[in-house]
Amino acid sequence: MKWEGNRESDNVEDRRSSGGGGSPLFGGRSIGVGTIVIALLGGWIFGINPLTILGLLSGGQPAQVQQAPAHKPPADDKMASFVSTVLADTEDVWTDVFSKGGARYQDPKLVLFRGATPTACGTGQAAMGPFYCPADQKVYIDLGFYETLKNQLGAPGEFAQAYVIAHEVGHHVQNLLGISEKVDQQRGRVSQAQYNQLSVKLELQADCFAGVWANHAQSARQILENGDIEAAMNAAAKIGDDALQKQSQGRVVPESFTHGTSAQRVRWFNNGLQNGSVKECDTFSARTL
């Protein structure tokens, strides 16, 4: 992926220097990796937010995590520069897309952290992978996730890493468009299985929006190199619900899917990549996913 020398975003907060690292405390007790794994498995199987399970496992007490002072990443941190450059590219693309649609795009913040960090959506855990919090309009990522993506999930490559950021920014776009709120309003009004289906459509649309970004970025700046598209497709496939469940528990529970199958994630990312159109990403009206 061609990214070095391009503009870097000023909307990156670095909380990695102190505090927020290590194991978060729930009710004054340390939560180890084993507990977090249980929470993640519970989320995959039952469609429950891992934060909720962590709270239950620790006696219902909120997490106590010290937040590191936010500042810009060091200039010589190549991975932080990469993330900042990708974020800047999404800003340029979505600012243009929104402008052509007669709207104004609001840039999200991207927070780099280690271990755990406070968010407006609760305590974020590195074990949860990258995530977007609509309440504070921030994308959160522990860069250690990229090692997991490469070594444990088998999805290496810079464009695979860029896809991950673009997907989370896709959730920000959904938030600005009011799509996320409409889905969230159905929580408690429909069955868990039905809500999981809505969640799948939301996630697949974010994949499609990531493809829209790639389409426009390639047209404007020719960022793609040989193998980049395949790397992103591979990453999308490796984090499908069916692939993750099979790897973690040896079996697949379709009714618990919240992000979509590997095939679906690849299909919708490719849809956005080929069409470059937000309108073509309407997963909620699609007859088949």
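Details
- Proximal lysines to Lys246, defined as alpha-carbon separation beneath 20 angstrom and excluding residues fewer than eight positions away on the same chain: Lys150, Lys238
- Charging the Cβ of each Asp and Glu at -1 and of each Lys and Arg at +1, and nothing else, the dipole of the range 195-289 about its Cα centre rounds to 120 debye.
- Net charge of neighbours whose Cβ lies under 13 Å from the Cβ of Pro254, counting Lys and Arg as +1 and Asp and Glu as -1: -1
- Under 5 Å from the amide H of Val111 lie the amide H atoms of Glu13, Val139, Tyr140, Ile141, each residue being 5 or more positions distant or on a separate chain, with H modelled from the backbone and absent for Pro and chain starts.
- Length added when fully stretched, Gln186-Glu280, from 0.36 nm per residue minus Cα-Cα: 31.5 nm
- Shown in residue order for the range 244-255 are the 3J(HN,Hα) couplings computed by the Karplus curve 6.51 cos²θ - 1.76 cosθ + 1.60 at θ = phi - 60°: 5, 5, 5, 6, 7, 10, x, 8, 10, 10, x, 5 Hz (x for Gly and Pro).
Here, each number is a calculation from the coordinates, and none is a lab measurement. Being a predicted model, the structure only gives us computed values, none of them experimental. Note that each Cβ is placed from the backbone with ideal geometry, even for glycine, and that neighbours are counted across all protein chains shown.
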